[in-house]
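A.B. asks: Got a structure for you, questions after.
All of the numbers you see were taken from the coordinates with simple rules; none came from a lab. The structure displayed is predicted, hence computed values, not measured ones. Because the Cβ atoms are built from the backbone with ideal geometry, glycine has one as well, and the counts that use them run over all protein chains shown.
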Amino acid sequence: MPKKINCWEFKKCGREPGGAKVGDLGVCSATTEIRANGVNEGKNAGRACWAVAGTLCGGVIQGTFAMKLGNCLKCEFYRLVMKEEGEKHQKAKDILNKLAD
């Protein structure tokens, strides 16, 4: 089975720690959000980025889950994770609960 990739690997945004665009855009919160580690088999929030504020979409840093959900539902990476995880994907409500702990 191929390794499941995280959002920063798929999008090549350069916002992972040590990434090429950290100087301009900062480190992405999805790369460091340890409360979501393991969600959908990702590292930190790498496969749950849609639930984390401050991620990048279309070159623009996004806001909260409620503000960005529409964009995320259209995202190729979100759709990839949903396809790969199928019925066992962790629901947004459950991810948000983890992030609130």
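A.B. asks: With contacts defined as alpha carbon pairs under 8 Å and 6 or more residues apart, what's the relative contact order of the chain in percent?
C.D. replies: 21 percent.
A.B. asks: Dipole of segment 7-100, Cα-centred, from +1 at each Lys and Arg C-beta and -1 at each Asp and Glu C-beta, to the nearest 20 debye?
C.D. replies: It comes to approximately 160 debye.
A.B. asks: Can you list the aspartates and glutamates whose alpha carbon sits under 19 Å from that of Lys68, skipping same-chain ones fewer than 8 residues off?
C.D. replies: Glu33, Glu76, Asp94
A.B. asks: At a 10 Å Cβ-Cβ cut-off, how would you order Cys57, Cys13, fewest neighbours first?
C.D. replies: Ascending Cβ contact count within 10 Å gives the list Cys57, Cys13.
A.B. asks: Output the 0 to 90 degree angle, nearest 10, between the alpha-carbon long axis of helix 65-74 and the longest principal axis computed from the alpha carbons of the chain.
C.D. replies: The answer is roughly 80 degrees.
A.B. asks: Something else: Using the alpha-carbon atoms, what tilt in degrees (0 to 90, nearest 10) does helix 76-85 show relative to the longest principal axis of the chain?
C.D. replies: For 76-85 against the chain, the angle is about 30 degrees.
A.B. asks: If you don't mind, there's one more thing I want to ask. Rg and Dmax of the chain over Cα atoms: what are they, in angstrom?
C.D. replies: Taking only Cα atoms of the chain, I get Rg and Dmax of 12.5, 38 Å.
A.B. asks: Would you kindly enumerate the cysteines in the chain that have no other Cys beta-carbon under 4.7 Å from their beta-carbon?
C.D. replies: Flagged as lacking a Cys partner: Cys13, Cys28, Cys57, Cys72, Cys75.
A.B. asks: Lys74: which aspartates and glutamates have alpha carbons under 20 Å from its alpha carbon, excluding same-chain residues fewer than 8 sequence positions away?
C.D. replies: Glu9, Glu84, Glu85, Glu87
A.B. asks: Here's something else I'd like to know. Here is the link list: Lys11/Lys43; Lys21/Lys91; Lys21/Lys88; Lys21/Lys98. Which ones come out longer than 26 Å on Cα distance?
C.D. replies: Lys21/Lys91; Lys21/Lys88; Lys21/Lys98
A.B. asks: Quick one: what are the phi-derived ³J(HN,Hα) couplings along segment 38-52, Karplus 6.51/-1.76/1.60 with θ = phi - 60°, whole Hz, x for glycine and proline?
C.D. replies: x, 4, 6, 6, x, 8, 6, 9, x, 10, 8, 4, 5, 8, 10
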